[in-house]
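Student: Just dropping this structure here.
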Amino acid sequence: MIDLAQDTPSTPLLRLGGQPIALTAAALLLLIAGVTSIAVWRAYTGAAPETDRVVASRLLQARTAQVSEQLVEKTKGLEATQQESIDQLQVVQDQLQTMKRLMAAQQADTKRLSEQVATLNESIDSLRQSFASARATEAETPSVTRRKPARQRVHASARKRSRG
C-alpha cells in the first residue's frame, strides 16, 4: 500500500523556508553590516572613490581637450605646409613649361641656322667649282696678246723715227 501520510520536509533548507522572518532579518543584518563596514572604511582612509573618479575624469577631460587643441594646431600647420608645397610645385611646373617652350624655340632656331649654314656651304662649294672650272679653261686656252691695229703701229713706228 501506498503511504501518503508523510508530508514532512526532509531537507534543512525547506525547514528554513518555514521561517521567512528569520531569514529576512539575517539578510538585512548582513546588508547593514556590509554598508557600515564600507562607511567606516571610507571615513578611516579619508578617500572617497567617487570624488577620486570625478577628479580623474575631469583631468582626463582636460588632457583630452588639450590634446585635441594640439591636434587641431598641428592639422592647421600641416594644411599650411601642404598649401605651400602645392604653391611651390605650381611655380616649378610653370618654370618647367617655360623652359620647355624656350628649349623648343632654341631648337627651332638651331635647325634654321644649320639649314642656312648648309645652304651657304653648298653655295661656297658651287663657287669653288665654278672658279676651278674657270681657271682650268684659262689654263687650257693659250694666252692671246692683242696686237695693236695696223694704223697705231704705223704711227708708233713713225714717232720712234722722229725721236731718234
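The values are calculated or read from the model by the stated rules, or taken from the named source; none is laboratory data. All figures in this text were calculated on a predicted structure; none of them were measured in a lab. Just the protein is used for accessible areas: all its heavy atoms, side chains included, with ligands, DNA and RNA removed. Shrake-Rupley method; radii C 1.70, N 1.55, O 1.52, S 1.80 Å.
Student: State all residues of segment 74-88 that are of a type outside the set (S, T, N, Q) and open to solvent by 100 Å² or more (accessible area, probe 1.4 Å); if no residue qualifies, say none.
Tutor: Passing the criteria: LYS74, LYS76, LEU78, GLU79, GLU84.
One line per residue, one yes/no per condition, for (1) within 60 Å of the chain's Cα centre (by Cα); (2) modelled with pLDDT of 95 or more; (3) charged (D, E, K, R):
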site	(1), (2), (3)
GLN6	no, no, no
PRO12	no, no, no
ILE21	no, no, no
LEU31	no, yes, no
VAL40	no, no, no
TYR44	no, no, no
PRO49	yes, no, no
VAL54	yes, no, no
ARG58	yes, no, yes
